[in-house]
1. Exceeding 32 Å between C-alpha atoms, which entries from my cross-link table qualify? They are 356/525; 20/596; 354/537.
2. In the chain, if the dipole is taken from +1 on Lys/Arg beta carbons and -1 on Asp/Glu beta carbons about the Cα centre, which of 381, 347, 2 is farthest to the positive end?
3. Considering the dipole of the chain built from charges on the beta carbon (Lys and Arg +1, Asp and Glu -1) around the Cα centre, which of 560, 167, 101 is farthest to its positive end?
4. Roughly what angle does helix 601-612 make with the longest principal axis of the chain, taking Cα atoms, 0 to 90 degrees, to the nearest 10?
5. I'd like to check one number: the per residue accessible area of the chain, probe 1.4 Å, reported in Å² as a whole number.
6. Using only the alpha-carbon atoms, how far is helix 253-262 inclined from the longest principal axis of the chain? Give it as 0 to 90 degrees, nearest 10.
7. Rounded to the nearest 0.05, what FRET efficiency do residue 625 and residue 1 give with R0 = 45 Å and r taken as the Cβ-Cβ distance? Could you check?
8. If you place +1 on the Cβ of every Lys and Arg and -1 on the Cβ of every Asp and Glu, how big does the dipole about the Cα centre of the chain come out, in debye to the nearest 20?
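The values are calculated or read from the model by the stated rules, or taken from the named source; none is laboratory data. Just so it is clear, the structure is predicted and the values come from calculations on it, not from any experiment. Reconstructed Cβ throughout: ideal geometry from the backbone, glycine too, with neighbour counts over all protein chains shown. To get the accessible areas, we keep the full protein, side chains included, count just its heavy atoms, and leave off ligands, DNA and RNA. Shrake-Rupley method; radii C 1.70, N 1.55, O 1.52, S 1.80 Å.
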Amino acid sequence: MLDETPVVTLRGVGPKSAEKLAAFGIETVQDVLFHLPRRYEDRTRVVPLGGLRPGDHAVAEVSVDLAEVKFGRRRSLLVRVSDGTGSLILRFFHFSKAQQAGFERGVRLRLYGEVRRGPASLEMVHPEYQRLAEGDSLPTEDRLTPIYPTGDGIHQLTLRNLSDQALEMLDDDNLPEWLPGTLRESMGLSDLRAALRYVHRPPVGADLAALEAGVHPGQQRLAFEEMLAHHLSLRAVRQRATRLQAPQLGEGDALMQQFYQQLSFTLTGAQQRVVEEILHDLAQPHPMMRLVQGDVGSGKTVVAAVAAVRALASGYQVAVMAPTELLAEQHFDNFQRWFDALGIRTGWLSGRVKGKARRELMEAIQSGELQLLIGTHALFQDDVVFGRLGLVIIDEQHRFGVHQRLALRDKGRENRLVPHQLIMTATPIPRTLAMALYADLDSSVIDELPPGRTPVQTVALAESRRAEVVQRVQEACRDGRQAYWVCTLIEESESLQCQAAEDTAAQLAEALPELRVELVHGRLKDTDKAQRMGAFKQGEVDLLVATTVIEVGVDVPNASLMIIENAERLGLAQLHQLRGRVGRGSAKSSCVLLYKGPLSQMARERLAVLRETSDGFEIARRDLELRGPGEVLGTRQTGMMQFRIADLLRDQALVPSVERSAVWLLRQAPGHVAPIIRRWLGHATRYAQA
Ligand code: ADP
Ligand code: MG
């Protein structure tokens, strides 16, 4: 099997180069085959020099007229060559004595290179060349020449050589076709090996534009199988979940009544529908794995709380995990307010809880005395052992991939029983992507905002109009409203961000002496952060200057104005999240996107999207179009899903047929499922043991 054949078995690969290849992600012969060319060159025809234009990549057969070393700004070897139709200069900046001596007058050469305009005539700089014997003419290539993405210390010629050997080795035993003929026919897919041969060595006349765009049927065949493998692995995760046992949570209508009665509002239709879906799942003897998507402000928290009520009433514990301390704390406030009244004991855990307090908390969690635990990742550290965990709620899950989801589920496992899992995200994911990425989850959408919200009016203003914006803040606050001023920096360094926020807060405090200005950023002690947020929430602070720590979840209905600096550098989804902090009350709200001009065309379009719509799904879709899924979903940070060949944006159209094929394959050829997953996802057991 080529996925088990290490590259060292290929000629020309020693331990040293194997190491370099491994660092580049190429460890097996199959990896060589799945490393596809980025573009192609046509070296199939010899072109007369008279017909060359700057920018051409061309093969020529020429003889040397003259070679001389020039000592200009840089020493270079210039070789004048001609072929009877025209002439050309070959320019070398690096050359050996022997090389120079080889260019005697009359020597015949086969050249390959890019034609450029030189000072005197057309030139090729460092062309590839071979010496031709008298009267001889080399056979030309009969295939297009692949150009591979190269890496540190890995040369183009090496990759070409390795792929030559790998293609040579291909047969039905070492790279079997796992897609049955009937499936391939109905989907119009070629067979795997033919696709690989074509894509690595396309014939003359192949559609280069399609190949270089990655949409040639050969490439699509490979992308299809890769996406299918991912999809099948997620389905397998889900399938296995149905074999796991979870507590059936179906009790407690009285407690539920009590909970609803003390709410100051009634659920929207969308919230009710999602609540029903969740309660239905919780009553099953298998673990729920449900994703709730809902735009910012759609009211996900209360939906989660209803799920918690059901688990608590059935005698189980609930864990609520948020991505930041700020958010965890806010959830803690909300849940405590709702649950104290119901006589439920709620606890708070972060990395900061230490010593005796932590030990006591741990005991209460283990004994089951503490029923509802809220916190950050700290909830899933090793020393936290739940006595009777029935439900795990994860807020803002776009930061988690399938592995983390599974790790969390296993964490709460006691004896045979696995807790239910509810995952909430405010990053709307277009449907096709959701199908590709979350096939292991069931999904619910809260597609309605609570009544009485007015859309946030959004404007984009150049940084040069800052003074006007400051004035606007002043007016809003004078009218009794509150405002956020968000400082963003693209620099990774948190300390730089915090510094910028500190400077801005100082400037604003000076410019607006009558306002109460406060600052929150990630470097503050958590108690300080919480205290300052609390003051803002209580209306004791008019203007809150903040870094993007307030990005998710913070809820202060009286805040009706938000200024976002450097808006052109943030992702649309992030801007939408930030903007979602205002427009939560009944007052008319606005958001000012401050940018540093001049804007690129793309930046202009992106800011326009935010002005035009406040629909998170639409924004996500547009962002995806403009920037691609890697950026939008932050896959690189989370390692959520790495494709070698497929590209979720380019290949979105394949998703529905990938889904259909998965269903068909599971039914008609179940034995092929595991090999396909293994081929593309390696022997990583993370999916297998899920
Ligand atoms: P998100 O979905 O962004 O997490 P939240 O759960 O923070 O939204 O809810 C946003 C605000 O809307 C909160 O102040 C919450 O109390 C309020 N809210 C939620 N559901 C309703 C409803 N059905 N009617 C009125 N207000 C609601
Ligand atoms: Mg929220």
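1. Working: 356/525 21 Å; 20/596 42 Å; 354/537 28 Å.
As for pairs spanning more than 32 Å Cα to Cα, those are 20/596.
2. Farthest towards the positive pole: 2.
3. 101
4. Approximately 30 degrees, to the nearest 10.
5. Values: 30780 Å² over 690 residues.
So the chain comes to 45 Å² accessible per residue, rounded to a whole number.
6. The answer is roughly 90 degrees.
7. Values: r = 39 Å, r/R0 = 0.87.
The computed FRET efficiency comes out at 0.70.
8. Details: 83 positive and 86 negative charges, 130 e Å.
That gives the chain a dipole magnitude of about 620 debye.
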